[in-house]
Amino acid sequence: MREIKINLTTNQNKQNIIFTTPVIIFLIFLIVATSLGIIYGLASEELRHQQMINNNLKIKNEEIIAINNNLSKKSELAGKLNTKEKLVKELSSEIPILSKAFAEVESAITPDSMLLNLVINYEKIEITGIATNHAEIAYIIANIRESKYFINTKLVSTQVMSHSEKLMFHIETYWEVSTK
């Protein structure tokens with residue numbers, strides 16, 4: 001009898017390997033692509049989250065800058081208010097001196113003369129008035145010079161008024177700072 005051999009391991013294994021290899025490569029590629037897609041999605045989500053955090057931080061930083069500007073303005077205003085309060089106190093303490101000084105200027109004016117304008121600056125006082133003659137003006141200047149509140153009193157100008165024979169005078173004097 002003759003032997004019959006049946007080859008059960010034919011070239012099918014080679015065909016299976018040839019067919020299986022691309023499928024495995026495709027499956028590996030699919031797994032890698034899916035993993036990369038998931039990683040990209042997570043990274044994109046994290047990037048959006050970081051951008052949102054950065055925007056919130058930027059807004060908060062701008063708010064802090066605005067608050068700091070307001071605080072510096074408030075501090076500046078507080079300093080100005082403090083300065084004004086000091087000036088008010090200083091002026092309040094000088095009011096009696098101002099009224100006494102005004103009273104002395106008023107008493108220096110003779111009955112025939114008239115005070116037209118009195119300008120009181122920080123240091124200087126300007127007096128403008130009308131007198132009947134130069135002797136009256138000299139008398140007014142002498143009375144102002146005798147005051148303890150004024151120094152360096154001088155006649156700046158005189159002018160004959162066109163519609164009458166009276167003289168317009170302009171006197172300048174300074175505060176005596178040492179008296180308060």
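Near residue 148, which aspartates and glutamates are there with a Cα under 18 Å away, not counting those fewer than 8 places off in the same chain?
Cα-Cα hits under 18 Å: 94, 104, 106, 123, 126, 172, 176.
From the cross-link list 89/124; 84/154; 100/124; 84/124, which pairs have alpha carbons spaced over 25 Å apart? Before the final figure, lay out each step's value.
Details: 89/124 21 Å; 84/154 33 Å; 100/124 16 Å; 84/124 21 Å.
With Cα atoms farther than 25 Å apart: 84/154.
What order, most packed first, do the peptides 118-128, 140-150, 31-41 have when packing is the mean number of other Cβ atoms within 10 Å of each residue?
Working: 118-128: 13.2, 140-150: 16.9, 31-41: 10.0.
With the highest mean Cβ count within 10 Å placed first, the list reads 140-150, 118-128, 31-41.
Taking the chain as a Gaussian network, where each spring joins two C-alpha atoms under 10 Å apart, which residue of 114, 168, 52 fluctuates the most?
Maximum among the listed residues: 52.
Can you tell me the 0 to 90 degree angle between the C-alpha axis of helix 134-145 and the longest principal axis of the chain, rounded to 10?
60 degrees
Near residue 166, within a Cβ-to-Cβ distance under 11 Å, what is the net charge of the other residues, with Lys and Arg +1 and Asp and Glu -1? Display every interim value, and only then the final one.
Working: positive: none; negative: 112, 136, 165.
Computed value for this residue: -3.
In degrees from 0 to 90, rounded to the nearest 10, what is the angle of the helix 12-108 Cα long axis to the longest principal axis of the chain?
Once rounded, one gets 10 degrees.
Which one of 175, 152, 105 has its Cα pushed farthest toward the positive end of the charge dipole of the chain, where Lys and Arg give +1 and Asp and Glu give -1 at the Cβ?
175
How big is D, in µm² s⁻¹, for region 101-144 by Stokes-Einstein at 4 °C and 1.567 mPa s if Rh is the Kirkwood radius over C-alpha pairs?
Values: Rh = 10.7 Å.
It comes out at roughly 121 µm²/s.
Work out from phi, with θ = phi - 60° and the Karplus expression 6.51 cos²θ - 1.76 cosθ + 1.60, the ³J(HN,Hα) of each residue of region 150-156, listed in order in whole Hz, and give x for Gly and Pro.
10, 9, 6, 7, 8, 7, 8
Would you be so kind as to identify which of 65, 117, 47 lies farthest towards the positive end of the dipole of the chain, taking Lys and Arg as +1 and Asp and Glu as -1 on Cβ and the Cα centre as origin?
The Cα lying farthest towards the positive end belongs to 47.
So what's the gap between the Cα centers of region 128-165 and region 30-107, to the nearest angstrom?
Distance between centres, Cα-based: 56 Å.
Using a simple spin-label model with points 7 Å from Cα along the Cα→Cβ vector, what separation in nm is obtained for residue 62 and residue 134?
Each label point lies 7 Å from its Cα, and together they span 7.6 nm.
Which of rounded, prolate or oblate describes region 109-175 when judged by the alpha-carbon gyration tensor and an a/c cut-off of 1.5? Could you put the intermediate results ahead of the total?
Working: a/c = 2.28, a/b = 1.67, b/c = 1.37.
In terms of gyration-tensor shape, prolate.
Quick one: net charge around residue 147, please, counting Lys, Arg +1 and Asp, Glu -1 for every other residue with C-beta under 10 Å from its C-beta.
0
Jot down the radius of gyration and Dmax of the chain, Cα atoms only, both in angstrom.
My reading of the Cα-based Rg and Dmax gives 51.3, 175 Å.
Read-outs: derived from the displayed coordinates by stated rules, not from any lab. Every value quoted in this text rests on a predicted model; they were computed, and no experiment measured them. Note that we place each Cβ from the backbone using ideal geometry, even for glycine, and neighbour counts take in every protein chain shown.
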